[in-house]
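Heads up, the thing below is written out as structure tokens.
The values are calculated or read from the model by the stated rules, or taken from the named source; none is laboratory data. Note that this is a predicted model, so its numbers are computed, not measured. As a convention, Cβ positions derive from the backbone with ideal geometry for all residues, glycine included, and neighbour counts pool all protein chains shown. For the accessible areas, the whole protein counts, side chains as well, though only heavy atoms, and no ligand, DNA or RNA atoms are used. Shrake-Rupley method; radii C 1.70, N 1.55, O 1.52, S 1.80 Å.
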Amino acid sequence: MIYGTSIQGFREARPGVDCYIVGHNLLKAHATAYHSYVNDFKPTQNGQIGISLNSEWYEPKDPLRPKDVAAAERAIEFYLGWFANPIYVGDYPQVMKDFIGNKSTAQGRNESRLPEFTAAEIEYIKGTHDFFALNFYTAQEVTHKHFDDTLVSQSLDQDLVKTRNRDWPGSGSVWLKVVPWSIRSNLAYIKRKYNNPPIYITENGVSDKEGMLNDEQRIDFFNQYINEVLKAYLLDGVDVRGYTAWSLMDNFEWHSGYTERFGLHHVDFESPERTRTAKSSSSWYAENIIKNNGFSAATKLKITLCYVPLVVTLGMAAWI
């Protein structure tokens, strides 16, 4: 999902073209891996397998403006739906096929820049999941804006502009605004769009630049976000099965290197031993979340006082 769409990924030789080809092949490779496991290993291991997808929540800048509402829906279809739709529904989202196809025609192309699946490929990819694995951190606001159809770009294909609300609290990463309610919205969307699959949150966390040991802002982040997950589970009926905090320790963060820290354990990168030191969030998470396998009845939550059995873990690698 990063190729050609982010500074963190590889640059495209052909912007607005190569990213769709890479995504197309990724989906076919995923399906091959899934069927290989089901046919060759599941009979003896009885395991489950799925793909972990990254998502952001997209909120209309003006919820009373129909074009902004449609643009926000389009944004998540172009981001999460790009990969989730072929796996959980079958084929790409119609809005992707329409927008990219129309712009490709306006550019004088004989076929869409978005490759087409054959009927056999659609059937082969559809249903290649045992659960829905979600990486989630933040949200953006979306405004409709029509761009020149002759411009070739994956971002411009969507005819919208994404912005991060300045009133939302920040973090150690420019892209990560703290928006706790957005994870509940995203979970409810997955339930509604993909027939309420079992969901495992495989990444969720917040960064800082100081590497402070008394990281109260991280405790507050987890407290608020997990509370919203609990609301999704209890109030919205979302089938959430597990939650993974990102991350166990500070690590190398893409193009930001060691300047942004997500860990519940501090790593001294200047030390040859890479000394690890537990932060306050580590003991908080162990006591309040892992020890009780979720929030216990003693935890002060506004919505309810009850025990919720979730699988809770710490993220240890960038790829699940």
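If you average the C-alpha positions of the range 239-282 and of the range 148-173 separately, how far apart do those two centres end up, in angstrom? So the separation of the two Cα centres works out to 28 Å. Each peptide among 235-243, 62-70 gets the average number of other Cβ atoms lying within 10 Å of its residues, and from highest to lowest they stand as 235-243, 62-70. Annotation: amide H-H contacts under 5 Å for Ala245 (H modelled 1.01 Å from N, sequence separation of 5 or more, or interchain): Thr313, Leu314, Gly315. Among the trypsin sites (Lys or Arg not before Pro) within the range 124-230, those in coil by DSSP and having at most 11 neighbouring Cβ atoms inside 10 Å are Arg166.
If you take every DSSP beta bridge fully contained in the chain, what fraction is antiparallel? Give it as a percent rounded to 5. Counting DSSP beta bridges with both partners in the chain, the antiparallel share is about 30 percent. Could you work out Rg/(2.2 N^0.38 Å) for the chain, with Rg from alpha carbons only? After normalising by residue count via 2.2 N^0.38 Å, the value is 1.04. Along the chain, the longest continuous region that contains none of the GluC sites (Glu not before Pro) in a DSSP loop with at most 14 other C-beta atoms within 10 Å is 1-110. For the range 19-98, applying the loop criterion from DSSP together with a ceiling of 14 other beta carbons within 10 Å to the chymotrypsin sites (Phe, Trp or Tyr not before Pro) yields Phe41. Membrane-span-like helices in the chain (whole DSSP H runs, Cα extent of at least 24 Å along the helix axis, mean Kyte-Doolittle hydropathy of at least -0.5): 18-40, 216-234. From its DSSP helices (H runs of at least four residues, each -39,500 (n - 2.57)), the chain gives a residue-normalised ellipticity at 222 nm of -10000 deg cm²/dmol. Excluding same-chain neighbours fewer than eight residues apart, the aspartates and glutamates reachable from Lys61 by a Cα-Cα span under 18 Å are Glu73, Glu77, Glu141, Asp159, Asp167. For the chain, give the percent of accessible area contributed by carbon and sulfur heavy atoms, probe 1.4 Å, rounded to a whole number. Carbon-and-sulfur percentage of accessible area, whole number: 54.
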